[in-house]
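Accompanying notes for the structure given below.
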Amino acid sequence: VHWTPLRPDVRLKDCFSMANISWYGGATTRTPRWPLNRAESQAQPFVSSDFARNPEGFGPVLDRYFLSSTGVTVTVAPEVPLFLWLESDRHFCLGTPGGMAAVPLRYQLCVSPDVAAAQRHLGGQRGGQARALPDMALLGAPVWRYQGPEGSAAKIKRGLRSLARRLKRHRLQEGVLALGEHSTIVLAAEQDNVPEAGGKGQESGGGWAPSLISPLQLSITLSPYVAVSSRLFLRSLRDDQDLGCSWLGLQPRPGGCSIPLLTVWRGQLCARLNVTSKVALSWYLARARRLQQELGATYVAFEGVEGNSFLEQAVPPPPELEGDRYTQALVAALARLGNATIISAGASSSHLPFFIQMSPLHSDWSHAGLKGLIPSVLHYSLLGYNFFIPDVVGGSLAGDTPGDTELYVRWLQIVTFLPVMAFSKPPWLCCDAWVLNLTRQCIERHRDFVVPLLIRSSQEWLRMGFPIFRPAWWLSPTDPTALTIEDEFLIGDEVLVAPVTEKGQRWRDIYLPGEGHLWMDTSTARVFDGGTILRNYSASLEEVPVFIK
């Protein structure tokens, strides 16, 4: 379908009904929903964003691909400058920006017999390139975020040693300790023997050694931002003409570099890496490799990959950085670092061997918190991003129920069946002793039961592009009940997980998909028919209903 405006001032808007039709894919909002019908968003550019910086924007993983419960797909051409409206339970609309140029709207409609057939046919073809797996060793390694003192390298090292000792004392000594960006910068500065990260010098004799936390592994965090007060930024402007031209900027001065486009990142005024500069990208990747080697890090996480810095400040971007082209260029460059890389956003990159860090969620029971976790899982996997790291157990953003043991446990039960289990507050600090024992059991179940299942399902994803985490309609595409279920998910075709996401509940209704199939409860060995609903099924605080087909 190709719409062409007859006058330059015409802004095209084409809407698709949500009346009695469920839609999936596209983008998420800060309160993820499955399907999209109950999401709400004003008209805005279809560009990934960080909810902390743009709460009303779209999430960090999006695709110009919309799938309906009737088997219709809508795929928008990548070169179209796209706007998207989401009007809850009414319709979603595709549009073009207004302005001086007559901008056409182009998309492809494809019709299949049902929603699952559409996803199998078209979803598997998306990306157009050979798919590759990330470092699958991370699947069996719980991630423990470092939340200790960050004032100096010595304090960070003491804090890491202390956390490693506590994990060992509680028989949780395997996994990954994850440093945030600030801690990474402080440790890197000590390695360089300068007051701040980024300077050049000899390594300090008392530098960091990974043996301090063995057998735990280390993950470090970087971003494409640099504070304008840092030695790195000031030196680049003063001493190095090539590097000084390597920050995103406004139109260049005659015979000189562009004026850096400043933005705020983590509370500091920053410049952002210019991904259109080969010099800048080469320097950035070399720095990341050096820090990974010097700090002995197994994994490197990159935050701040998403977002269009020009649009955020209402500045027209250059053609090469329109839409999500910044994210696409940076992600393509980061792929050179290998498959032990974690990124914060995905844009046309589901075929690359990355883990994706999911957006933070609130520590509460709302769709901005626990209830948004499964819709996010289904959205990421539908778009091909199967290897993600969910937010930490209990949520990382302040919520309505701080210190809620029940919330922590229900969150823990869900992430047990996801690719990676991530923690910020250790169970011995948040909850009673029985929760610590439950955490050990969940980690063991994840390693022994879930990881082998994910490895098997990943081979199917490599061959055919089928999502690893599947909605109920995958096995019941014509059953209206299956089309709107957002609190259950399948792992491949083999396992159904039906967690509790309502506070105080000790039972729930469970939809078993696939008429003609049989499902066995892994706890009781009871067998039930597919295509049925189990009413008021028992789910005590210590258990999560799981069924094997």
Counting Lys and Arg as +1 and Asp and Glu as -1 over every other residue whose Cβ sits under 12 Å from the Cβ of ALA77, the net charge comes to +1
Computed about the Cα centre, the charge dipole of the chain from +1 Lys/Arg and -1 Asp/Glu charges at the Cβ has a magnitude in debye, to the nearest 20, of 1180 debye
So for R0 = 30 Å, FRET eff. of LYS155-SER282 from the Cβ-Cβ r, to 0.05, ends up at 0.35
Taking the chain and counting helices only, DSSP H stretches of n ≥ 4 at -39,500 (n - 2.57) each over all residues, the nearest-500 ellipticity at 222 nm comes to -7000 deg cm²/dmol
Restricting to aspartates and glutamates and to Cα separations under 20 Å from LYS425, and discarding same-chain partners fewer than 8 apart, the set is GLU150, GLU174, GLU181, ASP364, ASP391, ASP400, ASP404, GLU406, GLU444, GLU542
Any chymotrypsin sites (Phe, Trp or Tyr not before Pro) in the range 379-472 that lie in a DSSP loop and have at most 11 other Cβ atoms within 10 Å would be none
Looking only at aspartates and glutamates whose Cα falls under 16 Å of LYS549's and that sit 8 or more positions away or on another chain, we get GLU488, ASP493, GLU494, GLU515, ASP521, ASP529
Here, trypsin sites (Lys or Arg not before Pro) of the range 462-535 satisfying both criteria (DSSP loop; at most 13 other Cβ within 10 Å) are LYS503, ARG506, ARG526
Here, GluC sites (Glu not before Pro) of the range 30-97 satisfying both criteria (DSSP loop; at most 13 other Cβ within 10 Å) are GLU56, GLU79
Matching label for the computed Cα Rg over 2.2 N^0.38 Å, out of (i) 0.99; (ii) 1.52; (iii) 1.06, is (i)
Projecting the Cα atoms of GLY516, GLN505, THR481 onto the charge dipole of the range 469-548, where Lys and Arg contribute +1 and Asp and Glu -1 at Cβ, the residue farthest towards the positive end is GLN505
On the formula 1/(1 + (r/R0)^6), with r taken between the Cβ atoms of THR524 and ASP9 and R0 of 60 Å, the FRET efficiency rounded to 0.05 is 0.35
In terms of the alpha carbon gyration tensor, root eigenvalues a ≥ b ≥ c, rounded if a/c is under 1.5 and otherwise prolate when a/b exceeds b/c or oblate, the range 365-502 is prolate
For LYS278, counting only aspartates and glutamates whose alpha-carbon sits under 20 Å away and dropping same-chain residues fewer than eight positions off, the answer is ASP239, ASP240, ASP242, GLU306, GLU320, GLU322, ASP324
A chain fully extended from THR484 to ILE455 at 0.36 nm per residue, minus the present Cα-Cα distance, gains in nm 7.7 nm
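All of the numbers you see were taken from the coordinates with simple rules; none came from a lab. Remember, predicted model here, so these are calculated numbers, not experimental data. Neighbour counts run over all protein chains shown; Cβ positions are idealised from the backbone, glycine included.
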